[in-house]
Amino acid sequence: MADNIYNKIYSSSRTVFLEEIGEKLKSILKDKIEYIRRAGLDLLILVSKNNLYQVIKELKDNPDFKVNSFQSIAALTNGKKIYLIINLKSFDNDFSVLLKIEISQREIEGDYREIIEMLAKFYRAVKFYKHSGRLISDRCDIKILPRSIEGLDCFDLDILVDNDLIREAYVSIEIARIIGDDYYKDLKLYNLIAYISRFDWKAGIFPEVCLCEALEELLQLKVTERAQHIRMLLCELYRISNHIYFISNICNILQHDIAYNLSLLERERVLRIIESITGSRIVPNFIRIGGVKKDISEEIMVSIRKSLPVLFRNIRRIEKIMTGDFLLIERLRGAGIISKEIALEYGVSGPNLRASGIRHDLRKVKDSFLYKDLSFTIPVGKSGDCLDRISVRFNEMLQSLRIINQIINKFPEGDFIKKINVSHPEFKSSEISYGIECPHGLFKIYLEADKNNINSLLVKGPSFNSLILSEEILAGNKIEDVDLILASLDISPGEIISS
Amino acid sequence: MLIILKKVFFILAILLVNVYICEYINNKLTARMDLRRGYKISGAKGIGFPLVRFFKYISRSEKTNIWTFFIFLFSLLIWGVVPITANLILIEMDYSLLVALTFYIILIILLFFNSGRTSYSDAYSESGKKVLILLSFLIPALFSIASIVLINKTLSLKEIVNSQHQYWNIILQPLGFMTFFISIFLQFKLLGIRGKSYLSPGANIGKEGTGLGKIIEKFSIYMIVFFLIIILNILYLGGWQGIYIIRGEIMLAVKFYIIFVILLLMDKSLGRIDSYSMLIRINWKFLIPVSLVNFIVTFGFLIARDVYNLI
Amino acid sequence: MSFLIKSNFNILVTGFGCCKQEIFATQCSLYDIQRFGVNFVSVPEDADILVVQGFYNKKGIIRILNIYDRMKNPKGIIAVGSCVLNENLFNPGSELVSQFRNRVIINMHIPGCPPRPEAFIYAILKFLGISMQ
């Protein structure tokens with residue numbers, strides 16, 4: 001089913017394809033929806049609350065659409081109105097739908113509960129939203145508080161056990177709710193770009209790239225080739241840095257000290273390169289609308305070229321150390337298995353999805369960057385256990401090195417930025433949903449703008465879906481594997497603070 | 001009486017000096033394997049660091065309980081039975097091997113009780129399971145010991161050493177040595193001498209803990225490891241037998257530190273083993289069958305030689 | 001007494017935020033904070049110093065105060081990063097920080113968003129009174 005998604009749709013015909021689907025939807029759901037339009041990657045459908053049930057039923061059951069994956073739900077304020085945005089995705093037909101529902105201001109709580117109840121009939125992943133906030137602390141067997149390891153520090157975990165095995169697990173993200181709904185209101189655009197990299201500090205460039213590209217699409221601005229190459233180079237460097245940090249976290253949990261130290265050393269090596277380019281280590285503030293902040297000089301290129309083989313060798317060495325240890329392999333194999341169906345249903349993306357055996361990568365699907373000019377493969381796992389998730393990330397690092405090598409070899413000349421007036425921008429269209437393949441998965445931004453300023457902004461990271469999924473996959477595993485499984489999902493806490 | 005007091009003093013001095021050296025080696029070697037420098041502070045190259053840590057532990061008062069006293073007692077009582085050299089033994093008896101093993105088992109069970117009382121009582125602790133697994137690793141060790149006893153026909157540790165004056169038991173019992181060594185290694189790993197204990201909850205707990213109880217726990221873990229290494233030396237590697245002009249005591253020290261460093265390096269280069277099913281599998285599907293086969297072969301060989309005069 | 005604490009210094013890092021990875025990066029062999037006798041621990045009872053960093057809401061502040069109460073004397077707090085230091089996007093109005101500051105005394109601030117690992121090591125050494133070479 002999902003195996004041949006990747007080959008099905010060519011990126012050039014994507015816009016046409018989305019419009020076709022939109023036409024089809026329009027004719028079927030004629031009187032139930034108010035309007036349907038294309039917003040970037042997705043189809044945006046405005047539905048009233050009463051018709052929602054029929055619309056979702058139609059979307060899910062009709063074999064032409066088969067919208068079987070629940071991605072996210074979030075509240076959005078535009079002016080004085082409050083909307084709920086429900087993101088659904090069809091992996092079979094490879095398109096995603098944004099359902100926009102207006103809810104009355106007086107009964108926000110009640111309406112929200114009602115909609116969640118209704119969604120829970122269709123999608124299993126909504127179970128999390130049903131219980132979140134009201135945990136079962138009083139009747140749980142084990143309560144695990146946040147630990148100091150990065151990624152496991154932003155949620156509580158309540159576990160019901162059956163001897164050694166976990167029966168049920170509940171995640172609560174109460175302590176991670178930091179940001180209010182309208183944090184972006186008084187901000188200037190350049191401030192917003194500086195702030196937004198804190199939404200994913202494990203790989204800080206991706207939110208910036210995502211926001212800037214979305215704004216560029218709103219402004220109908222074409223970025224120069226050199227700027228795109230610099231962006232791609234930074235993206236791949238951050239991908240390596242994130243993945244190697246992930247490996248170090250896993251080694252920390254397994255207490256494999258040698259691999260832990262080696263991987264941290266390699267991370268420092270990558271961060272040094274990044275620092276020489278951007279001037280900052282983990283939150284770069286480097287991408288600008290229309291280009292990048294600084295050009296890459298020839299000296300930096302030489303130093304990158306020199307350190308690429310060293311990086312390649314050392315990453316291979318770490319991989320060898322980890323895969324050569326049969327005790328470690330024994331431990332990782334069979335822990336926290338995510339099957340294909342569950343991964344699709346919960347809307348997981350990125351390496352976690354690929355480890356389950358589904359070849360889906362936005363870098364290949366979408367043609368916003370110049371990835372189509374480069375040759376690289378997408379590593380896929382088989383069974384979707386912890387071992388697969390680790391080996392997929394190792395292979396991805398090697399592929400990223402390959403991409404960097406190609407980028408450096410054909411670095412085009414030209415301007416690195418197109419100067420525009422950022423303080424008084426003029427947006428051509430009003431709403432856009434934009435996604436980018438970040439190291440954890442599909443990083444998504446939805447924003448609405450009127451003529452001159454941004455009215456509303458939604459940031460949705462992929463870690464949230466992984467966190468919801470962890471409730472499902474922890475059941476049936478052993479207690480001593482809890483940390484390992486959670487760390488192998490590569491949760492980035494920054495993506496959770498905005499939910 | 002004076003001689004016994006002198007012996008006690010000597011034994012204590014040797015143990016304390018060795019604990020200090022082992023702690024220092026532990027710090028430095030493990031850091032070097034991480035490409036780090038280890039503790040540089042307090043004295044040249046951090047020689048004073050174990051002492052400083054000792055005083056730091058003591059300076060922070062924490063309630064000690066009755067178990068810590070028993071642990072301290074038993075970790076010293078072992079050395080009344082196990083001879084470090086030919087002369088340094090307090091009580092000479094014919095069954096010293098059995099008594100030493102009994103003390104050892106008691107010590108581990110006491111450690112289990114102690115770990116149950118940690119100040120972080122609300123933390124989830126799996127120490128009971130760990131101790132049971134640790135004890136189950138005694139079974140292959142016991143089989144190996146039994147075959148040694150059959151060969152040397154004695155239960156006294158001193159006699160076992162003396163009977164190795166021609167050749168060491170490792171030549172007669174390579175399989176037994178292997179199983180015994182692996183069982184020691186896994187016990188070493190479970191005890192967590194490298195700073196990360198398995199007997200208490202928490203990820204980095206070995207570096208943590210305060211008060212007298214913590215010191216005694218650490219000391220007793222060292223005692224267990226020393227006991228295991230000395231027993232391995234006595235049973236398989238000739239104990240305090242000298243070679244040519246080298247004195248036996250020096251030989252024992254050299255062998256002791258070689259084995260200790262090997263164990264440390266193995267411990268460091270492997271990750272944490274807290275998958276219990278795997279440990280149980282290693283034990284029941286590999287160690288116990290191999291040691292059992294070794295025991296049966298030895299037994300059959302001896303019967304064939306001594307009873308039927310076949311060989 | 002101060003000599004003992006200086007030579008064997010235990011740090012407990014709480015909260016979640018960007019600064020955390022920079023703090024834990026000091027563990028690696030490039031920076032090697034352990035050579036000064038500094039360890040990272042996971043239990044408040046054993047910690048000498050509490051590192052406060054990252055984002056907090058009301059619940060988080062209560063938890064941190066609980067952790068601080070569980071620590072044994074002598075104890076101190078180091079605040080890392082601009083989230084705890086001043087008002088910004090993730091700390092709107094800085095009510096929580098003032099609420100936090102009213103309850104405890106912060107011994108040292110490390111500015112930066114996030115501060116570099118060298119800055120963290122420098123601050124710790126300054127706290128301990130060890131001169132950097």
With respect to the numbered conditions (1) within 14 Å of chain C (Cβ to nearest Cβ); (2) within 27 Å of residue A:379 (Cβ to Cβ), which one is the sole condition not fulfilled by residue A:229? (1)
Which residue pairs have Cβ atoms closer than 7 Å, lie 6 or more positions apart in sequence or on different chains, and pair a first residue in region A:14-31 that is among the small types (Gly, Ala, Ser) with a second residue that is open to solvent by less than 30 Å² (accessible area, probe 1.4 Å)? A:22/A:36; A:22/A:43
Sort out which residues of region A:474-499 are open to solvent by less than 10 Å² (accessible area, probe 1.4 Å) and either aliphatic (A, V, I, L, M) or in a loop (DSSP other than H, G, I, E, B) (or both), and write them in order of number. A:474, A:482, A:484, A:485, A:486, A:489, A:490, A:491, A:492, A:496, A:497
Exactly one of A:326, A:312 is surrounded by fewer than 23 Cβ atoms within 10 Å (Cβ to Cβ), within 14 Å of chain B (Cβ to nearest Cβ) and over 15 Å from residue A:392 (Cβ atoms), and that residue is A:326
So, residue A:414, is that one open to solvent by 20 Å² or more (accessible area, probe 1.4 Å), at positive phi and over 16 Å from the mean Cα position of the chain (by Cα) or not? yes
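Among the listed residues B:224, B:280, identify the single one that is in a helix (DSSP H, G or I), within 14 Å of chain A (Cβ to nearest Cβ) and either surrounded by 21 or more Cβ atoms within 10 Å (Cβ to Cβ) or modelled with pLDDT of 85 or more (or both).
Numbers: B:224 fails: within 14 Å of chain A (Cβ to nearest Cβ).
Checking each option against the conditions leaves just B:280.
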Among the residues of region A:121-150 satisfying the criterion of being part of a helix (DSSP H, G or I) and small (Gly, Ala, Ser), which is modelled with the highest pLDDT? A:125
Given the options B:109, B:89, B:105, name the one that is open to solvent by 20 Å² or more (accessible area, probe 1.4 Å), more than 30 Å from residue C:38 (Cα to Cα), within 20 Å of the chain's Cα centre (by Cα) and at pLDDT below 85. B:109
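Conditions (1) modelled with pLDDT under 90; (2) assigned to a loop (DSSP other than H, G, I, E, B); (3) under 21 Å from residue A:91 (Cβ atoms); (4) more than 18 Å from the chain's Cα centre (by Cα), marked per residue:
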site	(1), (2), (3), (4)
A:349	yes, yes, yes, no
A:360	yes, yes, yes, no
A:364	yes, no, yes, no
A:390	no, no, no, no
A:393	no, no, no, no
For region A:245-280, give me the residue count where each residue is more than 10 Å from chain C (Cβ to nearest Cβ) and more than 18 Å from residue A:323 (Cβ to Cβ). 7
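Report those helices (runs of 4 or more DSSP H) wholly inside region C:1-102 carrying at least 1 residues which are more than 10 Å from chain A (Cβ to nearest Cβ) and out of contact with any Phe, Trp or Tyr (no Cβ under 8 Å at 6 or more places or on another chain).
On the way: elements: C:2-7, C:18-24, C:58-70, C:82-85.
Helices (runs of 4 or more DSSP H) meeting the threshold: C:2-7, C:58-70, C:82-85.
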Restricted to region B:112-168, and to residues that are at pLDDT below 75, open to solvent by less than 30 Å² (accessible area, probe 1.4 Å) and part of a helix (DSSP H, G or I), which residue is nearest to residue B:291 (Cα to Cα)? B:130
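If we keep just the residues of region B:231-269 that are outside any helix (DSSP H, G or I) and within 19 Å of the chain's Cα centre (by Cα), which is surrounded by the most Cβ atoms within 10 Å (Cβ to Cβ)? Break it down into steps so the answer makes sense when it comes.
Taking region B:231-269 first, the residues outside any helix (DSSP H, G or I) are B:237-247.
Adding the requirement that they be within 19 Å of the chain's Cα centre (by Cα) leaves B:237-240.
Working: B:237: 21, B:238: 23, B:239: 27, B:240: 24.
Filtering region B:231-269 for residues that are outside any helix (DSSP H, G or I) and within 19 Å of the chain's Cα centre (by Cα), the one surrounded by the most Cβ atoms within 10 Å (Cβ to Cβ) comes out as B:239.
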Pairs, please: C-beta under 8 Å, at least 6 apart or cross-chain, first residue farther than 14 Å from residue B:138 by Cβ and in region B:94-111, second outside any helix (DSSP H, G or I) and open to solvent by 20 Å² or more (accessible area, probe 1.4 Å)? B:94/B:154; B:94/B:155; B:95/B:155; B:96/B:155; B:99/B:93
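May I ask you to say which residue of B:36, B:53 is within 9 Å of chain C (Cβ to nearest Cβ), assigned to a helix (DSSP H, G or I) and surrounded by 18 or more Cβ atoms within 10 Å (Cβ to Cβ)? Write out each step before concluding.
Numbers: B:36 fails: assigned to a helix (DSSP H, G or I).
The match here is B:53.
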Return only the number of the condition from (1) under 21 Å from the mean Cα position of the chain (by Cα); (2) under 22 Å from residue A:386 (Cα atoms); (3) surrounded by fewer than 24 Cβ atoms within 10 Å (Cβ to Cβ) that residue A:283 does not satisfy. (2)
Within region A:193-213, is there a residue that is aromatic (Phe, Trp, Tyr) and in contact with a Lys or Arg (Cβ under 8 Å, 6 or more places away or on another chain)? no
Those residues of region A:112-128 which are farther than 12 Å from residue A:68 by Cα and either open to solvent by 30 Å² or more (accessible area, probe 1.4 Å) or among the acidic types (Asp, Glu) (or both) amount to A:112, A:113, A:114, A:117, A:120, A:121, A:127
Number of the condition not met by residue B:240 [criteria: (1) closer than 27 Å to residue A:321 by Cα; (2) touching a Gly at 6+ places or on another chain (Cβ under 7 Å)]: (1)
Candidates A:400, A:339, A:375, filtered to the one that is polar (S, T, N, Q) and open to solvent by less than 20 Å² (accessible area, probe 1.4 Å): A:400
Only one of these is surrounded by 22 or more Cβ atoms within 10 Å (Cβ to Cβ) and hydroxyl-bearing (Ser, Thr, Tyr): C:42, C:29, C:7. Name it. C:7
Spot the failing condition for residue B:64; the list is (1) surrounded by 15 or more Cβ atoms within 10 Å (Cβ to Cβ); (2) within 30 Å of residue B:270 (Cα to Cα), and only one is missed. (2)
Conditions (1) open to solvent by 30 Å² or more (accessible area, probe 1.4 Å); (2) farther than 22 Å from residue A:196 by Cα; (3) at the interface with chain A (Cβ under 10 Å from one of its Cβ atoms) -> residue C:116 fails only (2)
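Test residue A:399 against the criterion of being free of Cβ contacts under 8 Å to residues at least 24 places away in the same chain and in contact with a Phe, Trp or Tyr (Cβ under 9 Å, 6 or more places away or on another chain), and give yes or no.
Yes; evaluated as a whole, the condition is true for this residue.
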Considering residues of region A:173-221 that are aromatic (Phe, Trp, Tyr) and in a loop (DSSP other than H, G, I, E, B) only, the residue nearest to residue A:281 (Cα to Cα): A:201
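Within region B:242-277, can you find the residues that are within 14 Å of chain A (Cβ to nearest Cβ) and either touching a residue at least 40 places away in the same chain (Cβ under 8 Å) or touching a strand residue (DSSP E or B) at 6+ places or on another chain (Cβ under 6 Å) (or both)? Don't jump to the end; show me each part of the working.
Restricting attention to region B:242-277, the residues satisfying the condition of being within 14 Å of chain A (Cβ to nearest Cβ) are B:264-277.
Residues satisfying the conditions are B:264, B:265, B:266, B:267, B:268, B:269, B:270, B:272, B:273, B:274, B:276.
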Somewhere in region A:88-95, is a residue in a loop (DSSP other than H, G, I, E, B), within 26 Å of residue A:475 (Cβ to Cβ), touching a Leu at 6+ places or on another chain (Cβ under 8 Å) and outside the structural domain of residue A:27 (by TED's automatic domain parsing)? no
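The values are calculated or read from the model by the stated rules, or taken from the named source; none is laboratory data. Everything quoted here is computed from the prediction, not taken from an experiment. Because the Cβ atoms are built from the backbone with ideal geometry, glycine has one as well, and the counts that use them run over all protein chains shown. To get the accessible areas, we keep the full protein, side chains included, count just its heavy atoms, and leave off ligands, DNA and RNA. Shrake-Rupley method; radii C 1.70, N 1.55, O 1.52, S 1.80 Å.
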